[in-house]
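Below: the structure, in structure tokens.
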């Protein structure tokens, strides 16, 4: 394994869907008076982020949070660059490495802000509102492009994304998410997915297409160990480590007309749009299709012509 | 000392070798090594320089309290990559990060408890602050910006290099102290003649000058640390302070409170060579400079291009011309070591690489690789956009010129001739060959040459052999 000289960028996308975390908190409070699940989750993720930065001094990190109303960069955040004094106020009070301490304080503050905002203006949020995964992914991809371009001359960067997600997939986001996945594949960005409690068809596909690791965690207490074991090694190191085998991947697509997942559907022969029922005209490319009865006769005709020749 | 021994060991093509952090640590006594892990900064630095797999091994066992069987560790790594796994394990054992636990049926490993707790502190927090609490000092009235620190650091370090080249430093900057001169002398970079007052630069000194700044400082620090105990300073305290600086934030000030006497003396030496800035000797705060931050990574000798923050200034063209955009007489002098300078302007000079100038450099002990490394690490940003950075024909030609020098190799030996019979010759030749001391033999002329070290053995064998016949 040759020592590679790439700068490694890790972008962590966290799902902070208030509904999902609220449910977790409700479940947890029934059992015992343990730490709030979101606090425990944040602590684990921050230790993992520290560990990533610890591996090499050229390693870089970014954190994006996605909720059901918006996606936001929480580290590095553009506002903090302008006022350097703000950073000074976080005095280092214990033996943690300074950069880690600063980064962790910034992240915790930002997450608090986000949660407060969410709880302030989204009281009457519909029950099934989804996390904006696609939005967060596209922001991440833009950030990666920018980081690659700003890389100092003579050095190159390899980026990967780690998605930490608990809430359910929503099929309305199918198109946007798939577009992000293919964009990531084209830019050689690996998407790793770490699912909390429930499976996600989108992320199974994302990790499979981009060559990342997909893993579902069933016990939140062991989150940190799983993160350190499976998601800390970069793709280059993974080649020499034994990783968990592939899971059964849900490759079902969502139809373009009703956004429902279909096993077998109709595909436009021109633009490959997917429909759950037969339509006389494709909504995407406006191609007209002949009725099934007319379509049946055409191939026969052709066959006859061929045999005549 | 160490450098002297090395020079004797390899008299031909003597090459200045820079140890990386681990090689240095492995040379330390076990007791010192164990004490070193008592500070989070040291554990952090040691961890970062581990091989990739070993880092993951440590991370995986950081929160697992019970000892792990060796078979399990081997199962983590794919079969075809097992040799990396053993390499990583060996490194961990050598550095006493993983230790073998006795009392189990099979070999089991455990993370060194001191290392574990201090790495955890660096990673997740807790424990004591690394270097006192700065809050009681309040903001610095004489606070310095980053440009000033950069300029200061460069100035100080160049003063040391200027001293080595023997050229007078530009307008009235202060010279260097006896302590630094002593380090240069002991490390073999300079030697003092009996007649002359001022020390002279040695061939290894020339090689030192051509290294990039961070490697130079790392090499210098290693030699300095070798002498620390002789000066009555505590090596462990100095090392942990150095690592603490290694991970400090550029542009931030740190208090000198809570520092031991050894560390305060060490700080003064660091201040002199520009690794930290302290306004006055008695000042209660200091600023680390870019030279010291991430220093521990420099020893690993990675082939990275120009060190971060320092802009390259050399352009090499395929027609052997070298353009140097600098106003530093030191840098021009360094280029002058291996290239012929044809014109000089303020802030700019043109040199040309010729067979004569390069062989001159090779004769003074510099290798082709060092010349190329010098050009690569100081390459202009425009050059860095090309691959390879240095035109291929130039790199090849410099290597060819070096090979020219190596056409003839001298080996001392003893000639054996005038054998009476072919069988005598053959027995002796075979004996010498088996010992591995035969340099050359010609059976037609019954002549052979044995290396000087093997001469005694062969002579004894021949004397024993003779009376029987």
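The values are calculated or read from the model by the stated rules, or taken from the named source; none is laboratory data. Source: prediction; values computed, not measured. No Cβ is skipped: glycine too gets one built from the backbone with ideal geometry, and neighbour counts run over all protein chains shown.
Structure notes:
- Within this structure, residue B:307 passes the test of being in contact with a helix residue (DSSP H, G or I) (Cβ under 6 Å, 6 or more places away or on another chain), in a loop (DSSP other than H, G, I, E, B) and at pLDDT below 85.
Let's see how each residue does on (1) in the same structural domain as residue B:331 (by the TED database); (2) in contact with a helix residue (DSSP H, G or I) (Cβ under 9 Å, 6 or more places away or on another chain); (3) buried (at least 19 other Cβ atoms within 10 Å of the Cβ):
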residue	(1), (2), (3)
B:363	yes, yes, no
B:371	yes, yes, yes
B:374	yes, yes, yes
B:421	no, no, no
B:429	no, no, yes
B:436	no, yes, no
B:448	no, yes, yes
B:452	no, no, no
B:458	no, yes, yes
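- Candidate set: the range B:62-72, residues that are more than 10 Å from every other protein chain (Cβ to nearest Cβ) and out of contact with any helix residue (DSSP H, G or I) (no Cβ under 7 Å at 6 or more places or on another chain); chosen: the one surrounded by the fewest Cβ atoms within 10 Å (Cβ to Cβ): B:66
- Checklist (1) over 22 Å from residue A:76 (Cα atoms); (2) touching a helix residue (DSSP H, G or I) at 6+ places or on another chain (Cβ under 6 Å) applied to residue A:196, failing item: (2)
- Among the residues of the range B:384-393, just one is in a helix (DSSP H, G or I) and either in contact with a strand residue (DSSP E or B) (Cβ under 6 Å, 6 or more places away or on another chain) or at the interface with chain A (Cβ under 9 Å from one of its Cβ atoms) (or both), namely B:384.
- Flag if residue B:123 is buried (at least 21 other Cβ atoms within 10 Å of the Cβ), away from every other protein chain (no Cβ under 14 Å) and assigned to a helix (DSSP H, G or I): no
- Residue selected from the range B:38-58 under the condition over 27 Å from residue A:238 (Cα atoms) and crowded, with 23+ Cβ neighbours inside 10 Å, by the criterion nearest to the other protein chains (Cβ to nearest Cβ): B:40
- Those helices (runs of 4 or more DSSP H) lying entirely in the range A:221-309 with at least 1 residues at pLDDT 80 or above and under 30 Å from residue B:59 (Cβ atoms): A:223-226, A:235-238
- Residue match in the range A:180-189 (condition: closer than 30 Å to residue B:85 by Cα and at pLDDT 85 or above): yes
- Residue check, residue B:392 assigned by the TED database to the domain that holds residue B:338 and surrounded by 20 or more Cβ atoms within 10 Å (Cβ to Cβ): no
- Considering the range A:18-53, and only residues there that are within 22 Å of residue A:103 (Cα to Cα), more than 14 Å from every other protein chain (Cβ to nearest Cβ) and under 20 Å from the mean Cα position of the chain (by Cα), the residue that is modelled with the highest pLDDT turns out to be A:41.
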